[in-house]
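The values are calculated or read from the model by the stated rules, or taken from the named source; none is laboratory data. Since we're looking at a predicted model, the values are computed, not measured. Ideal geometry is used to build each Cβ from the backbone, glycine not excepted, and the neighbour counts take in all protein chains shown. Quick note on the areas: whole protein, heavy atoms, side chains included, nothing else; ligands and nucleic acids left out. Shrake-Rupley method; radii C 1.70, N 1.55, O 1.52, S 1.80 Å.
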Amino acid sequence: MKVNETIQILAVVALRGMTILPDMAIHFDVSREGAIHAIEQAMLQDKKLFLVTQKDKKIENPGQGELYRIGTIASVKQVMKMPGNVVRVLAEGLGRGELLQFRQEEDHQEAEVRPIQEELTLPADICEAMIRSLKEGVHAYGHEVGKQSRDLERQVDEMTELPQLMNQIMIKLPFRYEEKQRFLEALGLSDRFELVYSLINKETEIMRFKRELQEKIKTRVDKNQREYLLREQMKVIREELGEDTSGSDADHFREALGKLRAPKEVKEKLEKEIHRFQNTGNNSSENAVIRGYIETLLELPWEKGSRDSTDLKRAEEILNADHYGMEKVKERVLEFLAVRILTKKGSSPILCLVGPPGTGKTSIARSVAKALGKKYVRICLGGVRDEAEIRGHRRTYVGAMPGRIVAGMRQAGVKNPLMLLDEIDKVSSDYKGDTSSALLEVLDSEQNNRFQDHYVELPIDLSEVLFIATANDVQTIPRPLLDRMEIIEVSSYTENEKVHIAREHLIGKQMEKNGLKEGQLFISSGALETLIHSYTREAGVRQLERKLGEVCRKAAREILEQNKKAVRLTESNLSRYLGKPRYTFDMANETDEVGIVRGLAWTSVGGDTLQIEVNIMPGKGEISLTGMMGEVMKESARTGLSYIRSVSAEYHIAKEFFQEHDIHIHIPEGAVPKDGPSAGITMATAMLSAITGIPVYASVAMTGEITLRGRVLPIGGLKEKILAAKSAGIKTVLVPARNKRDVEEISSEIRKGIQIVYVEQMKEVLEAAFHDH
């Protein structure tokens, strides 16, 4: 290197993001005002410029410290004005220059620049070795790049001077401007050679990696392209055969599979089935089976769940607003929600609501779902006899479909719905299998996390489903199934509860249903009580709702025909809307009689009273039982008679009495079947009264099973029986002592006005029922 001591004063243009080298001719655009004036100044003088790269291209007006020390002295060949106050300059690099002093003129920048002249001071053989090495490097680079570098290779082959060769390589190859600046600042030929050679090798490696990567991608693309072409050909063939839907359907299924949140085994199974579906013809019967199976699996909520409500207060408000009473059900649901909030998990309970028809078992389940923020699915099991209804059919059968449980999950669309199993006591079995046994796995919280449906053939998680079953009678539910459920009794409504339910829910519902606005129908308290007492006889409120609907319809007609603004229903005009009262209660007898005792019975529509009559006639010691009694009831009557004969001496009954007299026991309403052991003490009391002639208090009713030794055993349905006694005007009710716990659970509203007497032995029954013995 040789430094020319002649110092030149040149206009300066600072370059951003580019470096111009000697022997390099290039166009570049200038937009900064100072740079434009510098070019104009150069054109007025000898057309020479000093082009120097700034270190940070973001700086708008750089000073000497923001510029590199070494730049290029260039000759301006052409200047063109472009739109937007931009000047395009064609410049040619003449040689390196060193920036000595930077100064600001009036409208542009100038600098004192010392030109740097180059000398070939290396031996000839070393220069030749360097030239050959560089040419080989360029050829290696050209091999990786291909046809694009042919011109460069020819140009390089013709060069014999090392400095020009290195300049052209740096100009032609795609190096960054920082690397070009390093080359510009390398003043010795050896330093420049090392830099250029390393950059060529580095660029060659990059291009080699790029080529290999492109080849891999091309191979993959070629494979995909080949598959695409084959699919298109298959599609055309299917279109020609009229089978053009499978391909598009398979693509649709694959797209749905990509979005499906499901376990790995489910996705693998679906992928296989989609492949099978694609390879079957559209007219094939197997195609329809596979299509149905794929659609079922894609629509099942494998890992999709809804977020449960965590607002305990709001849940309680919803339950109270939708249903009156039913405290046990509400309490259990709120307990479950509280545990879920505390633990963030908690297993879902399996509840069974047992009670008479019309007491709100099904509707409370819908309210529970609303309170917990769960999806609601109802599955009616009444009359279901086939096990496949629960577990599904195997796919080998024509018309196979999943069971009702899986269909319910598919309908809900989430894995944690509330599933109501309605009328679970009405399922039956036949030669096709036992439905109750199929439900055992569904309702077992330890097993139902991998429930197997015959159609789906993959385990389904039911552990997060909240199951609520309903039943009218637990006696018909198999013991193993009953053991898996938490029983909650939903008892009959009192007349007062029915009044509340009618006022808060039923009247408004029926008015809206029949087009009546608020204020168009008034029902007095006396009319509502009479309607409940004399026009309905049920444990629930369905018949009451029908009667209220009938009243609303007649009121709507009256309003339209007679232009009335409102209709008022009172006790006096109730019969005009509903006719004569349909039911009259068999009230307690006014006088105490011999051989007539009031018993209490449970029916599917609530409680009832039974007036048991006994007659003694001369005969041969036979006993007659009439009134459609069941076998259990007949056995209770004979047990009671055996007890009376065992204590006959205490009541001064002659020894030959039972051989010389016949006993006839009758229970009125002979067309109504009656059974059960709870009338045992009632029949025994009536027989002893008829035999001894001792009257029985008319205001006393009783219920309880009798043994041969006169013990009184507990019975069920106590709430309904006490309600019936209260409606009949009974003042005293005798109940087994072991039923005391059940009596204490009955609300004070029901027990009010009735004296409950607990009995353990028949002697206590007779003491309370007989006038004098």
Flagged in segment 91-121 as farther than 17 Å from Leu67 by Cα and open to solvent by 40 Å² or more (accessible area, probe 1.4 Å), in numbering order, are Glu92, Leu94, Glu105, Glu106, Asp107, Gln117, Glu118, Glu119, Leu120, Thr121
Tell me whether segment 67-84 contains one or more residues that are of a type in the set (Gly, Ala, Ser), farther than 21 Å from Ile169 by Cα, open to solvent by 40 Å² or more (accessible area, probe 1.4 Å) and out of contact with any Ser or Thr (no Cβ under 7 Å at 6 or more places or on another chain). yes
Would you check if there is a residue in segment 284-307 being surrounded by 14 or more Cβ atoms within 10 Å (Cβ to Cβ), at pLDDT 80 or above and farther than 25 Å from Ile405 by Cβ? no
Would it be correct to say that Pro402 is open to solvent by 20 Å² or more (accessible area, probe 1.4 Å), of a type outside the set (Ser, Thr, Tyr) and not in a helix (DSSP H, G or I)? yes
Evaluate the following for Ala469: is it over 30 Å from Lys726 (Cα atoms), open to solvent by less than 30 Å² (accessible area, probe 1.4 Å) and modelled with pLDDT of 85 or more? yes
Selected residue [modelled with pLDDT of 90 or more, over 55 Å from the mean Cα position of the chain (by Cα) and not acidic (Asp, Glu)] from Met702, Met687: Met687
Working only within segment 479-506, note down all residues that are over 29 Å from the mean Cα position of the chain (by Cα) and open to solvent by less than 50 Å² (accessible area, probe 1.4 Å). Ser491, Ser492, Tyr493, Thr494, Glu497, Lys498, Val499, Ile501, Ala502, His505, Leu506
Flag for Val156 being modelled with pLDDT under 80 and not in a loop (DSSP other than H, G, I, E, B): yes
Of the residues Glu185, Glu215, only one is charged (D, E, K, R) and more than 26 Å from Leu49 (Cβ to Cβ); which? Glu215
Mind counting the residues in segment 9-66 that are touching a helix residue (DSSP H, G or I) at 6+ places or on another chain (Cβ under 6 Å), of a type in the set (S, T, N, Q) and under 14 Å from Ala111 (Cβ atoms)? 2
Determine which single condition Leu516 fails, assuming it passes every other condition in (1) more than 25 Å from Gly358 (Cβ to Cβ); (2) part of a loop (DSSP other than H, G, I, E, B). (1)
Whether any residue in segment 211-223 is touching a helix residue (DSSP H, G or I) at 6+ places or on another chain (Cβ under 9 Å), open to solvent by 80 Å² or more (accessible area, probe 1.4 Å) and at negative phi is what I want to check. no
Would you point out the residue of segment 341-366, among those that are touching a helix residue (DSSP H, G or I) at 6+ places or on another chain (Cβ under 8 Å) and either over 18 Å from Val465 (Cβ atoms) or of a type in the set (Val, Ile, Thr) (or both), that is surrounded by the most Cβ atoms within 10 Å (Cβ to Cβ)? Ile364
Of the residues that make up segment 171-190, is at least one open to solvent by 50 Å² or more (accessible area, probe 1.4 Å), within 30 Å of Ala74 (Cβ to Cβ), modelled with pLDDT of 80 or more and not in a helix (DSSP H, G or I)? yes
Segment 326-343 residues that are free of Cβ contacts under 8 Å to residues at least 60 places away in the same chain, paired with ones that are open to solvent by 30 Å² or more (accessible area, probe 1.4 Å) and assigned to a helix (DSSP H, G or I) (beta carbon under 7 Å, 6 or more apart): Leu334/Leu312; Leu334/Glu316; Leu337/Leu312; Ala338/Leu312; Ile341/Leu312
Where residues in segment 510-542 are charged (D, E, K, R) and either touching a helix residue (DSSP H, G or I) at 6+ places or on another chain (Cβ under 7 Å) or at pLDDT 85 or above (or both), which of them is surrounded by the fewest Cβ atoms within 10 Å (Cβ to Cβ)? Glu518
Exclusive hit being in contact with a Pro (Cβ under 6 Å, 6 or more places away or on another chain) and under 17 Å from Asp662 (Cα atoms), set Val614, Val594: Val594
